[in-house]
Structures are given as structure tokens and as C-alpha cells.
1. List the residue pairs whose Cβ atoms are under 6 Å apart, where the first residue sits in segment 32-45 and is within 17 Å of Val67 (Cβ to Cβ), the second is exposed (fewer than 12 other Cβ atoms within 10 Å of the Cβ), and the two are 6 or more positions apart or on different chains.
2. Which condition breaks for Ile90 when tested against (1) within 15 Å of the chain's Cα centre (by Cα); (2) closer than 18 Å to Gln11 by Cβ?
3. Mind listing whichever residues of segment 45-87 are farther than 20 Å from Thr14 by Cβ and either touching a Gly at 6+ places or on another chain (Cβ under 9 Å) or assigned to a strand (DSSP E or B) (or both)?
Amino acid sequence: MVVIPNEGNWQIATNFLLSEAWTDFAIHCGRYEVIKDRLEKINGDLNAHQAISLLDDVSQSHTQWSVVYRASVGEIWVVMGRDYKQIYKIDIGFD
């Protein structure tokens with residue numbers, strides 16, 4: 001396992017191992033680079049619906065699910081099968 005410290009106030013994960021990239025990772029995962037660039041431009045300041053929209057923008061024809069973790073409010077938002085209008089909200093109980 002390789003831990004790569006985050007430089008922003010957010011986390012990004014795609015199904016790509018950044019630690020194994022021996023050249024510029026944008027070549028290997030354009031989706032990661034698009035998300036990273038957009039978050040940097042807005043200093044990571046977006047709401048959950050905007051985050052879902054960003055995931056929609058970078059989804060691929062074979063994307064099975066997309067997830068937004070709303071840790072500050074104890075929610076996880078999941079989209080299945082690229083149906084970005086149907087968001088499943090899971091309460092992880094931060095009561």
C-alpha cells in the first residue's frame with residue numbers, strides 16, 4: 001500500500017493506481033485529472049449535487065457506480081448504472 005498525502009480539502013478516487021504510474025498520471029487516467037483540475041479551480045467548494053454532476057461529467061459508458069461521501073453530515077450518496085437523476089442516500093448515523 002502506498003499513501004499519497006492529499007494537498008486539498010478533498011479526496012479523489014478513480015479505479016486507477018496513481019502510485020503505480022511511472023509517467024504523468026493524466027495520460028493514464030484523464031478522469032482523475034479532470035476532477036482534480038475542477039476541484040483546484042474552485043478550492044474544492046462544491047455541494048453534493050455539484051459533486052454528483054462532476055462525476056456524471058467524467059463517467060464512462062461502463063461506469064457501474066459513483067459515490068459522494070458527505071462525511072460532515074453522515075451521508076453517502078450513490079448513483080448506480082449512470083442514472084445520475086436517481087441518487088440513493090445512505091445515512092451512516094452521526095446522531
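Please treat every number below as a calculation from the coordinates, not as lab data. Predicted model, so just to flag it, every value in this text is computed and none were measured. No Cβ is skipped: glycine too gets one built from the backbone with ideal geometry, and neighbour counts run over all protein chains shown.
1. Sorted first by the residue in segment 32-45, then by its partner, the pairs are Gly44/Gly8; Gly44/Asn9.
2. (1)
3. Gly74, Glu75 - these are the residues of segment 45-87 that are farther than 20 Å from Thr14 by Cβ and either touching a Gly at 6+ places or on another chain (Cβ under 9 Å) or assigned to a strand (DSSP E or B) (or both).
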